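Chemist: Got a structure for you, questions after.
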Amino acid sequence: METITNTVVPSNTTTDFLPLQGTDYVEFYVGNAKQAAHFYKTAFGFQSLAYAGPETGVKDRASYAVRQNKLTFVFTTALRTDNSIADHVYKHGDGVKMLALKVEDATDAWKQTTQRGGKSYMEPQRFTDDAGEVVISGIHTYGDTVHLFIERKNYEGVFLPGYRKWESHYNPSETGLLYVDHCVGNVGWNQMNPWVKFYEEVMGFKNILSFDDNDISTEYSALMSKVMSNGNGFVKFPINEPAEGKKKSQVEEYLDFYNGEGCQHVALATSDIVQTVTALQNRGVEFLKVPNSYYDDLLDRVGHIDEDLSPLRELGILVDRDDEGYLLQIFTKPVEDRPTLFFEIIQRKGAKSFGKGNFKALFEAIEREQESRGNL
Ligand code: FE2
């Protein structure tokens, strides 16, 4: 049995040069935004929020914004081939392009990060409409992924200037998803530490947890991971890199099929994981399954939990404990045909960690999937 020793190191109290108010939205570049938005409404319970495209004066793309509580996803597709969005989809398939962060001052966020070595994606730019003004700037992170800084304190519109309200007569109910808990990046061999340094130096994040290949390995494959957090803990970015094993690391499979570094999974918080996962499964979301034996000695490993064991076993929900409490989590299968992006559903009951006690069972489940694709 594994002893659970990982605790979250509190960040120190020096002034935060990049105060972040949380994740503003996650934007996906996809092959077909209309259908992607429909899938996230149907399967995940997002609600129609806003639309931008030729009808709103945007000529090269169409974007659909959907929302559920504090979660906002945007699906953007290119309308023509000679276009950077089309190039992104050609290279990576559907995936996360923008991890947009909410800030008080997007001009200062850009100045602070670019003067610390961040590579500019977009200088601070003002966008206005009848509902006010939004300032957006951005820097590049791993792969072709971008952090946008969104300043919306002077804006009352539905989403962003350029968008109009998206009214739909098709409004499936929500599934209890609340906000982004963390977003994980997969980077190449020996690239974890350089990206840890980027988050420390350019964005003022702290490394709050580290996992080496002894923590995260199965008989066949391995990876390493470091969790980066901003000062107030609202934004957490674990960074994974592959490690040597007998067979191919799941991170390598991702890198092959995404054709480079990128976002591996987005963890979505719920306050009732049994209800949320029941709803998601009923709507066709597919989850990784661990062997039933995982549950036989679960309570010996994690101690008392408030939930009944049987729905957890039935749904395949995993449990882990750290010094501060416990968490419940489950992982979807990839949400597109390439084995790249997936989602985690997480309910925290005090625990601030990431489910280290589940890594082995989980990665064995991932390997069974890799094997079935012929990629192990
Ligand atoms: Fe995660």
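The values are calculated or read from the model by the stated rules, or taken from the named source; none is laboratory data. Since we're looking at a predicted model, the values are computed, not measured. Neighbour counts are summed over all protein chains in view; Cβ atoms, including those assigned to glycine, are modelled from backbone coordinates with ideal geometry.
Chemist: Away from the ligand (no atom under 16 Å from the Cβ) and over 19 Å from the mean Cα position of the chain (by Cα): is that true of LYS165 in this structure?
Modeler: Yes: the conditions hold for LYS165.
Condition check ((1) within 16 Å of GLN21 (Cα to Cα); (2) out of contact with any Pro (no Cβ under 8 Å at 6 or more places or on another chain); (3) β-branched (Val, Ile, Thr); (4) buried (at least 22 other Cβ atoms within 10 Å of the Cβ)) across all residues:
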site: LYS119; (1), (2), (3), (4): no, yes, no, no
site: PRO124; (1), (2), (3), (4): no, yes, no, no
site: PHE127; (1), (2), (3), (4): no, no, no, no
site: ASP130; (1), (2), (3), (4): no, yes, no, no
site: VAL135; (1), (2), (3), (4): yes, no, yes, yes
site: ASN154; (1), (2), (3), (4): yes, yes, no, no
site: TRP166; (1), (2), (3), (4): no, yes, no, no
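Chemist: Out of ALA100, ALA62, ALA50, report the one residue that is farther than 18 Å from TYR170 by Cβ, of a type in the set (Gly, Ala, Ser), outside the structural domain of LEU341 (by TED's automatic domain parsing) and at pLDDT 95 or above.
Modeler: ALA100
Chemist: Cβ-Cβ distance below 8 Å, separation of 6 or more or different chains: which pairs start in region 326-352 with a residue that is assigned by TED's automatic domain parsing to the domain that holds ASP256 and away from the ligand (no atom under 14 Å from the Cβ) and end on one that is among the charged types (D, E, K, R) and assigned to a strand (DSSP E or B)?
Modeler: TYR326/ASP320; TYR326/LYS349
Chemist: Being in a loop (DSSP other than H, G, I, E, B) and closer than 20 Å to CYS263 by Cα, is that true of even one residue in region 83-100?
Modeler: There is at least one residue in region 83-100 that is in a loop (DSSP other than H, G, I, E, B) and closer than 20 Å to CYS263 by Cα.
Chemist: Does ASP320 satisfy the condition of being assigned by TED's automatic domain parsing to the domain that holds GLU219 and crowded, with 20+ Cβ neighbours inside 10 Å?
Modeler: When the stated conditions are applied, ASP320 passes them.
Chemist: Among the residues that make up region 201-215, is at least one of them within 16 Å of the ligand (Cβ to nearest atom), touching a helix residue (DSSP H, G or I) at 6+ places or on another chain (Cβ under 6 Å) and under 18 Å from ILE139 (Cβ atoms)?
Modeler: no
Chemist: Return only the number of the condition from (1) surrounded by fewer than 17 Cβ atoms within 10 Å (Cβ to Cβ); (2) in the same structural domain as VAL277 (by TED's automatic domain parsing) that GLY204 does not satisfy.
Modeler: (1)
Chemist: Among the residues of region 98-117, which ones are of a type in the set (Val, Ile, Thr) and surrounded by fewer than 18 Cβ atoms within 10 Å (Cβ to Cβ)? Explain how you work it out, then say what you get.
Modeler: Keep residues of region 98-117 that are of a type in the set (Val, Ile, Thr), which gives 103, 107, 113-114.
Selection gives THR107, THR114.
Chemist: Are there any pairs with C-beta distances below 8 angstrom linking a residue in region 230-244 that is within 26 Å of GLU367 (Cα to Cα) to a residue that is away from the ligand (no atom under 15 Å from the Cβ) and assigned to a strand (DSSP E or B), with the two at least 6 apart or on different chains, and if so which?
Modeler: Within 8 Å, the pairs are PRO242/ALA222; ALA243/SER217; ALA243/ALA222; GLU244/ALA222.
Chemist: State which residue is farthest from the ligand (Cβ to nearest atom) when the search covers only region 353-376 and only residues that are assigned to a loop (DSSP other than H, G, I, E, B) and more than 22 Å from ASP215 (Cα to Cα).
Modeler: Among residues in region 353-376 that are assigned to a loop (DSSP other than H, G, I, E, B) and more than 22 Å from ASP215 (Cα to Cα), the one farthest from the ligand (Cβ to nearest atom) is GLY374.
Chemist: Look at region 325-364 and say how many of its residues are over 23 Å from GLU261 (Cα atoms) and either of a type in the set (Val, Ile, Thr) or touching a Lys or Arg at 6+ places or on another chain (Cβ under 6 Å) (or both).
Modeler: 5
Chemist: Filter region 249-276 down to the residues that are farther than 23 Å from GLU364 by Cβ, aliphatic (A, V, I, L, M) and away from the ligand (no atom under 16 Å from the Cβ) and list them by number.
Modeler: The answer is VAL274, and nothing else.
Chemist: Filter region 238-248 for residues that are within 12 Å of the ligand (Cβ to nearest atom) and not polar (S, T, N, Q); which is farthest from LYS91 (Cα to Cα)?
Modeler: Checking each candidate, the answer is PRO238.
Chemist: Consider region 338-352. How many of its residues are more than 18 Å from the chain's Cα centre (by Cα) and not in a strand (DSSP E or B)?
Modeler: Final tally of qualifying residues: 1.
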